[in-house]
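Here's the structure we're looking at; comments come further down.
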Amino acid sequence: MNTDTTEAVGSVGRRERNKQKVKERLYSSALTLFREQGYDKTSIDQIAERADVARGTFFNYFQRKEDIVSAWGERRREKLMTTMDHSDPVSPGTSLSELRRCMTILSEINETERDLTAPMLTAWVKAGRPLVEEPYVADIFTRIVARGYDNGELASDVSAQRVGHILRDIYLGTLYRWCQQTSAAPGYVAEELQAALRLVVYGLLTAPHHQTHPATTSQNASHEARN
């Protein structure tokens, strides 16, 4: 490679890095403003000013303000996928442990940015993103449940896809409630998601794994004693 070619490649590399820096600055500036004053009260002009760029520069990277919300959701998806892939690559464990781990990761992602999740989740819903985006969380749950069906750990009375969407609905419902409760204690999301998962899985476990609820056992014993 001659000198001219090397310089040209280096120039392109610098331009791309500079573009990425500007995009990242716009993104982080937008999130900071959303934290400080909310999504609806933040304008594109304010985002550009905070990022120290011209207003028109914003549109070189994002077509509209809602695209910041999409980028936020995409980064969360990547974080979930990466963490799931690297948590325990050697011994992934049972399907039930995988579901618990996924719920734990989701709760950690949200709990670590509580002040941002509320305004961004609200903006995500208002922008209609739940209706047009791929339900990646449901897809993850579906794959885990399907593996549980294949290995006989879970009873396959309901389609894996339906269970995946039910778990996603539980996850989103928990986030909505959490965002409305400003005084929710740390760990609220994790506790709620694990409790909901236990309720769902209790009806999915096959007979060898099924444990009679203590209250039910006590009630049956009392009934037999009376008879």
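The values are calculated or read from the model by the stated rules, or taken from the named source; none is laboratory data. Bear in mind the structure is a predicted one, so any value in this text is a computation, not a measurement. All Cβ positions, even for glycine, are placed from backbone atoms using ideal geometry, and neighbour counts span all protein chains on display. We work out accessible area using only protein heavy atoms, side chains counted, and drop any ligands, DNA or RNA first. Shrake-Rupley method; radii C 1.70, N 1.55, O 1.52, S 1.80 Å.
So the check is Cβ under 9 Å with 6+ separation or different chains; which pairs have a first residue in the stretch 52-65 that's at negative phi and a second one that's of a type in the set (Asp, Glu)?
Pairs that qualify, where the first residue is at negative phi and the partner is of a type in the set (Asp, Glu), are 55/45; 55/49; 58/45; 61/67.
Kindly indicate the residue of the stretch 142-157 that is without any contact (Cβ under 8 Å) to a residue 24 or more places away in the chain, open to solvent by less than 100 Å² (accessible area, probe 1.4 Å) and farther than 17 Å from residue 196 by Cα and also farthest from the chain's Cα centre (by Cα) among those meeting that condition.
Filtering the stretch 142-157 for residues that are without any contact (Cβ under 8 Å) to a residue 24 or more places away in the chain, open to solvent by less than 100 Å² (accessible area, probe 1.4 Å) and farther than 17 Å from residue 196 by Cα, the one farthest from the chain's Cα centre (by Cα) comes out as 156.
Can you report the number of residues in the stretch 167-194 which are exposed (fewer than 12 other Cβ atoms within 10 Å of the Cβ) and either β-branched (Val, Ile, Thr) or at pLDDT 85 or above (or both)?
Qualifying residue count, the stretch 167-194: 6.
Within the stretch 106-118, identify whether any single residue is more than 30 Å from residue 186 (Cβ to Cβ), at pLDDT below 95 and surrounded by fewer than 16 Cβ atoms within 10 Å (Cβ to Cβ), and answer yes or no.
Checked the stretch 106-118: no residue is more than 30 Å from residue 186 (Cβ to Cβ), at pLDDT below 95 and surrounded by fewer than 16 Cβ atoms within 10 Å (Cβ to Cβ).
Given the condition open to solvent by less than 20 Å² (accessible area, probe 1.4 Å) and within 29 Å of residue 167 (Cα to Cα), answer yes or no: does some residue in the stretch 73-94 qualify?
yes
Here are some conditions: (1) of a type outside the set (S, T, N, Q); (2) open to solvent by less than 70 Å² (accessible area, probe 1.4 Å); (3) more than 23 Å from residue 114 (Cβ to Cβ). Residue 64 meets all but one. Which one does it not meet?
Evaluating residue 64 over (1) of a type outside the set (S, T, N, Q); (2) open to solvent by less than 70 Å² (accessible area, probe 1.4 Å); (3) more than 23 Å from residue 114 (Cβ to Cβ) leaves (2) as the failure.
Can you give me the number of residues within the stretch 119-141 that are touching a Gly at 6+ places or on another chain (Cβ under 6 Å) and open to solvent by 40 Å² or more (accessible area, probe 1.4 Å)?
0
Would you call residue 84 in contact (Cβ under 8 Å) with a residue 12 or more places away in the chain, within 30 Å of residue 23 (Cβ to Cβ) and out of contact with any helix residue (DSSP H, G or I) (no Cβ under 6 Å at 6 or more places or on another chain)?
When the stated conditions are applied, residue 84 passes them.
Of all the residues that make up the stretch 23-43, how many are in a helix (DSSP H, G or I), free of Cβ contacts under 8 Å to residues at least 24 places away in the same chain and crowded, with 17+ Cβ neighbours inside 10 Å? Please lay out each step first, then the result.
The first filter runs over the stretch 23-43 and keeps only residues in a helix (DSSP H, G or I), leaving 23-37.
Still in the running and free of Cβ contacts under 8 Å to residues at least 24 places away in the same chain: 24, 28-29, 32-33, 36-37.
Then keep just the ones that are crowded, with 17+ Cβ neighbours inside 10 Å; that gives 29, 33.
Going through the stretch 23-43 one residue at a time, the tally reaches 2.
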